[in-house]
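Here's the structure, in structure tokens; my notes come after.
The values are calculated or read from the model by the stated rules, or taken from the named source; none is laboratory data. Quick caveat: nothing in here was measured; it's all calculated off a predicted structure. Because the Cβ atoms are built from the backbone with ideal geometry, glycine has one as well, and the counts that use them run over all protein chains shown. Ligands, DNA and RNA are stripped out before the accessible areas are found, and what is left, the full protein with its side chains, is counted by its heavy atoms. Shrake-Rupley method; radii C 1.70, N 1.55, O 1.52, S 1.80 Å.
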Amino acid sequence: MSAILVTGGCGFIGSNFVRRQLADYPDQRVVNLDKLTYAGNPENLADLDDDPRYVFRRGDICNREFVDAALAEHAPDALINFAAESHVDRSILDSTPFVQTNVVGTQTLLDACRAAGIERYVQVSTDEVYGSLGRDGRFTEDTPLAPNSPYSASKAAGDLLVRAYCHTFGFPGIVTRCSNNYGPYQFPEKLLPLFIANALVDRELPVYGTGENVRDWIHVDDHCRGIDAALRNGRAGEVYNFGGDAELTNLELTRALLAVLGKPESLIRFVADRPGHDLRYAIDFSKAERELNWRPQVDFREGLRQTVEWYRAHADWVEKVRSGEYRQYYERQYGSRLATA
Ligand code: NAD
Ligand code: DAU
């Protein structure tokens, strides 16, 4: 491919993906469209400022003129849609921006890509669209969609639009669904970066409910390799699951993290549970193994250690992204919970 267009490339996974693409494909240009919400930080890609193969345009994926202009100017071979409102707790506080970006934004991109005759479209989605598992079983690509939060419902709606465009128009779309990512540049509102940042300054770690909820952790590099494999080798109209094969309860994860940091378990604070909290996610990624020759490579304990080191070395990054907006959110989300827990 000579050029790809990425949306949401200033966020956590998008910025890791953009950097990897430029490293792995020296002859390929990468165009990044990002609105720069609270979660979008151009500093995540500041090292690429002088790279002539990288172009950044600030704008909203819901703005058809903006998307059309970028497609016309750069004529990319493919578009990979990372842009989203991505945090479950925020979607419980207010679902409006989730429906706007994750549903209307996806529809806008699909229409613009159809009109431009794009050759490949990848929708970066989540295992949360499948809902919640009991103690056994894993999500496959055939598991019925049963989203439980406003976030996952908006992502499922985006996925279904891609499916409908493939079915109705022969659109060359692919959906990828991944489990919980961790690694560098993740906004410190999600469990791992929040707990690392808090523990480093001996602040409490607010574990929701009993801490028995299970998530499957995957290093962001493994997820980016999977998206790349789907982009280049996936079949149009298909869905591919990616997972890390590293299931842990939140309490197990928190304890492992405190051990790596050398901090006491007395920092753990059980707080009121997330409303509608999904019990367990686990991924069957055998289709990606079979069709894309993909499987996760990063060992979880080693990935966790490296991630902790990254946050330790980038305390200034954490400080900067914890801006005024984040402080207000933290107070709204945790203020009364920590006071009453
Ligand atoms: P993030 O919140 O870190 O980044 C989202 C990016 O999208 C930000 O740069 C933001 O500025 C941009 N954005 C938001 N609304 C926009 C709009 N209307 N127009 C243009 N840009 C906009 O998210 P992330 O964790 O990097 O997740 C990226 C994608 O991967 C999302 O679609 C998410 O649903 C999906 N995903 C995330 C995970 C995870 O564990 N983080 C797992 C599976 C799937
Ligand atoms: O599974 C993929 C999804 O993983 C992505 O689609 C989402 O974008 C991403 O945010 C993530 O969703 P989760 O809700 O699983 O991630 P989060 O980091 O918010 O929470 C992980 C678990 O930790 C979950 O069971 C809730 C719990 N938790 C979270 C926070 C922020 C706590 O116990 N305390 C907290 O303060």
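If you check 209, 234, 244, which single one turns out to be at pLDDT 95 or above, in contact with an Asp or Glu (Cβ under 8 Å, 6 or more places away or on another chain) and at positive phi?
209 is the lone residue from the list that is at pLDDT 95 or above, in contact with an Asp or Glu (Cβ under 8 Å, 6 or more places away or on another chain) and at positive phi.
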* Asked: Among the residues of the stretch 1-26 satisfying the criterion of being among the polar types (S, T, N, Q) and open to solvent by less than 10 Å² (accessible area, probe 1.4 Å), which is farthest from the chain's Cα centre (by Cα)?
  -> 21
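Quick grid of which residues meet (1) without any contact (Cβ under 8 Å) to a residue 24 or more places away in the chain; (2) β-branched (Val, Ile, Thr); (3) in contact with a strand residue (DSSP E or B) (Cβ under 6 Å, 6 or more places away or on another chain); (4) in a helix (DSSP H, G or I):
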site	(1), (2), (3), (4)
10	no, no, yes, no
16	no, no, no, yes
37	no, yes, no, no
47	no, no, no, yes
50	yes, no, no, no
56	no, no, yes, no
62	no, no, no, no
70	no, no, yes, yes
* Asked: Considering 5, 109, 33, which residue is near ligand 1 (Cβ under 10 Å from one of its atoms), at pLDDT 95 or above and not in a helix (DSSP H, G or I)?
  -> 33
* Here are 253, 261: which of them is touching a residue at least 40 places away in the same chain (Cβ under 8 Å) and over 22 Å from the mean Cα position of the chain (by Cα)? -> 261
* Only one of (1) under 27 Å from residue 37 (Cα atoms); (2) open to solvent by less than 40 Å² (accessible area, probe 1.4 Å); (3) in a loop (DSSP other than H, G, I, E, B); (4) touching a helix residue (DSSP H, G or I) at 6+ places or on another chain (Cβ under 7 Å) is not met by residue 171, so which one is it? -> (1)
* Taking the stretch 178-202 as the region of interest, how many residues are near ligand 2 (Cβ under 6 Å from one of its atoms) and in a helix (DSSP H, G or I)? -> 2
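The rows are residues; the columns are (1) outside any helix (DSSP H, G or I); (2) at pLDDT below 95.
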{"residue": "224", "(1), (2)": "no, no"}
{"residue": "229", "(1), (2)": "no, no"}
{"residue": "259", "(1), (2)": "no, no"}
{"residue": "275", "(1), (2)": "yes, no"}
{"residue": "294", "(1), (2)": "yes, no"}
{"residue": "298", "(1), (2)": "yes, no"}
{"residue": "308", "(1), (2)": "no, no"}
{"residue": "319", "(1), (2)": "no, yes"}
{"residue": "336", "(1), (2)": "no, yes"}
